[in-house]
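Taking it in order: structure first as structure tokens, then the write-up.
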Amino acid sequence: MTVNAAIIPRPTLEGGEYVNEDLASDRSSLVDPAPSAGQCATKRILVADDDPLICGLLAATLEDTGFQVKTAKDGEAAWAELLGSHYDLLVTDDIMPKASGLALVRRIRVAAMALFVIVASDRLDADDVAKLNHDPWARFDAFVRKPFTTSELLRVVFRVLAMERVNGLM
């Protein structure tokens with residue numbers, strides 16, 4: 001699969017990746033889903049994972065790409081950070097102490113925060129993801145199956161940001 005294959009019809013789980021692209025209305029204008037360095041520098045990403053090694057690796061990878069990144073060690077810390085600062089994207093583990101990634105997604109949707117969400121999990125399958133995304137309070141924008149590579153994560157991050165560009169929100 002190439003990076004230019006940014007639109008995956010819903011519900012699809014392909015190669016451990018699911019991207020909910022109902023938001024992307026003009027698919028023909030999507031040529032290169034990777035944002036420019038300047039666009040990365042203006043994007044703020046919150047990474048929430050209870051594993052400090054994974055959290056640190058993801059943060060370093062995203063920072064090396066040019067994004068502004070903060071981390072949270074659990075769902076409650078992530079929620080507090082989201083309430084206190086603006087973020088463009090949340091990358092969250094599914095299973096964390098104090099509040100799961102899915103509980104965090106529900107809080108975000110109930111609060112009507114304008115925030116893209118990528119959920120990472122080793123326990124969800126394509127059926128679970130499809131069911132969750134039929135619930136407006138549990139919808140997330142993309143899913144990556146653990147374990148994943150940093151390249152796979154970046155591809156999904158770029159796809160989500162491309163959805164934003166397609167809709168003229170960037």
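Of all the criteria given as (1) of a type outside the set (S, T, N, Q); (2) closer than 20 Å to Arg44 by Cα; (3) in contact with a strand residue (DSSP E or B) (Cβ under 7 Å, 6 or more places away or on another chain), the one not satisfied by Asp122 is (2).
Every test in (1) surrounded by fewer than 14 Cβ atoms within 10 Å (Cβ to Cβ); (2) among the small types (Gly, Ala, Ser); (3) within 18 Å of Gln68 (Cα to Cα) is passed by Ala162 save one, and that test is (1).
Here the condition is being in contact (Cβ under 8 Å) with a residue 24 or more places away in the chain, assigned to a helix (DSSP H, G or I) and out of contact with any Pro (no Cβ under 9 Å at 6 or more places or on another chain); of Val119, Val144, Val129, Val105, it holds for Val105 alone. Pairing each residue of region 74-100 that is within 19 Å of Leu153 (Cα to Cα) and free of Cβ contacts under 8 Å to residues at least 40 places away in the same chain with any residue that is of a type in the set (S, T, N, Q) and surrounded by 16 or more Cβ atoms within 10 Å (Cβ to Cβ), provided the two are 6+ apart or on different chains, yields C-beta distances under 6 Å for Asp94/Ser121.
Here, each number is a calculation from the coordinates, and none is a lab measurement. Because the structure is predicted, anything quoted here is derived from the model rather than measured. Methodologically, a virtual Cβ is constructed for each residue, glycine included, from the backbone with ideal geometry; neighbour enumeration extends over all protein chains shown.
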